[in-house]
């Protein structure tokens, strides 16, 4: 509709729409090497994220490879466990089965009636498409996976690619995320309006001027009149 303030809303996917912490915990719990170690999985995930960030600073690699290698390195570093190649592969290919946050799908359907919905993700193309269409129920969303541009957020290429596909300036797009470092700060620097969604223990970056701040995606949809 003409009164809607944006041509498009772009989203971080895994962490803002999809509950990646829950999904990863379930995936880790299913691996035989971690049976009986449930109390260490949160700590393991924190170390794995550190390894992921370090790998992403190097030459581009498919995200499935980064998931597998970061887990292998974290398990060795934290627990002195040598994971099998099979367990690493199982973990890295479980992403398509990670759950959405309960409010995500319905709120996206409401927003999609008013503007284009885009998902900008550091993951590979196949799990992003599965999450967007099969889990979240989107129809023909704009998708920018890392695999398509061989770049990882917080680098600018995800947003530049989205603008090329949308054929519009950044001030016609609202970028939505729970994460400052990976999403809100770089998007704001590029001229996007930004909205913070409170997921897990994340807090809004104090230095940013936020167009919207919401407790969840349903709350944001309501603030946008949907």
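Throughout, read-outs are computed from the coordinates displayed, never taken from laboratory work. Remember, it's a predicted structure, so these values are computed and weren't measured experimentally. Glycine gets a Cβ as well: all are built from the backbone with ideal geometry, and neighbour counts include every protein chain shown.
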> Against the longest alpha carbon principal axis of the chain, how many degrees, from 0 to 90 and to the nearest 10, is the axis of helix 20-29 turned?
Replying inline: 20
> Mind checking the angle between helix 63-79 and the chain's longest principal axis? C-alpha axes, 0 to 90 degrees, to the nearest 10.
Replying inline: 50
> When the chain is modelled as a GNM with alpha-carbon springs shorter than 10 Å, which of 136, 79, 120 fluctuates the most?
Replying inline: 79
> Got the relative contact order for the chain handy, in percent, Cα pairs under 8 Å and 6 or more residues apart?
Replying inline: 23
>> Once you place label points 7 Å from the Cα toward the Cβ at residue 198 and residue 85, how far apart are they in nm?
In response: 4.7
>> Order these by the 10 Å Cβ neighbour count, fewest first: 158, 76.
In response: 76, 158
> Using only helices, what value at 222 nm comes out for the chain when you add -39,500 (n - 2.57) per DSSP H run of length 4 or more and divide by the total residues, to the nearest 500 deg cm²/dmol?
Replying inline: -11500 deg cm²/dmol
> How far is it, in nm, from the label point at residue 40 to the one at residue 149 when both lie 7 Å from their Cα along the line to the Cβ?
Replying inline: 3.8
> With axes computed from alpha carbons, what is the tilt in degrees of helix 41-56 against the longest principal axis of the chain, rounded to the nearest 10 within 0 to 90?
Replying inline: 70
> Which percent, nearest 5, of DSSP beta bridges in the chain are antiparallel?
Replying inline: 5
> For residue 54 and residue 7, what does the FRET efficiency come to when R0 = 41 Å and r is the distance between their Cβ atoms, rounded to the nearest 0.05?
Replying inline: 0.65
> Fully extended, how many nm does the chain gain between residue 96 and residue 208 (0.36 nm per residue separation, minus their Cα-Cα distance)?
Replying inline: 37.1 nm
>> Run the numbers for residue 139 and residue 223: contour at 0.36 nm per residue of separation, minus the present Cα-Cα distance, in nm.
In response: 28.0 nm
> If each residue's Cβ is checked for other Cβ atoms within 10 Å, how do 19, 183, 103 rank with the fewest at the top?
Replying inline: 103, 19, 183
> How do 117, 197, 81 rank when sorted from fewest to most other Cβ atoms within 10 Å of their own Cβ?
Replying inline: 81, 117, 197
